[in-house]
Amino acid sequence: MILDVGSGDPRKRLHVLYNGSNALHIDIDRNAYHLEVCCSVNALPFRNATFRVVHISHVLEHLSDPMLALKECKRVSQEYVVAKVPNASRFFNAEDKEHKMSWNQHSFRNFCETLFPTVVLTCTERRTGSGLLFRTKSFVYTALFRPNELVALCKKC
């Protein structure tokens, strides 16, 4: 079973990949898209090692204490935590009040490695649109600049 933390954004489309009994979608926002459990990632209401995989996408950068959230994800995971954050090497806005934290490839790997012995980090292009114009623009931005999303596959042992 998969735990999807921060399922409020319908663009994530995780429910399409992991639907039915395969995934549980949680968010702190009671009005979140595809919400099944309303709770804080800092105090997950699940037993240790409940989920084979915990998927936390674009949540950590909004938190005052992302390490606490990552520890909770590790606690309820049996094996893997997949963590996704924006790539600060691509986007940085000092006036952004929504994002409390930012990481580049090196800092995000170091952050994850404080809790997990094995971390595989990849950089991807987060798709938030469709159509030929969007795909072309996305390809050009990725080629000229850097991918806009960091994805860490963290293994507990």
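The order of the peptides 26-39, 50-63, 67-80 by mean Cβ neighbours within 10 Å, most packed first, is 50-63, 67-80, 26-39. Compared with the alpha-carbon gap, the fully stretched path from GLU79 to ASN110 is longer by 9.2 nm at 0.36 nm per residue. Note on segment 49-124: percent of Cα-Cα distances in each 10 Å bin, starting at 0 and stopping at the bin with the largest distance, equals 18, 54, 24, 4.
In this model, which of LYS84/LYS156; LYS71/LYS100; LYS100/LYS156; LYS97/LYS156 are farther than 23 Å apart at the alpha-carbon? As for pairs spanning more than 23 Å Cα to Cα, those are LYS100/LYS156; LYS97/LYS156.
The amide H of LEU24, built 1.01 Å from its N in the peptide plane, has ILE2, LEU3, ASP4 as neighbours under 5 Å, considering only residues 5 or more places off or on other chains.
Any read-out appearing in this document is the output of simple, stated calculations on the displayed coordinates, not a laboratory observation. Just so it is clear, the model here is predicted, and its values are computed rather than measured. Note that we place each Cβ from the backbone using ideal geometry, even for glycine, and neighbour counts take in every protein chain shown.
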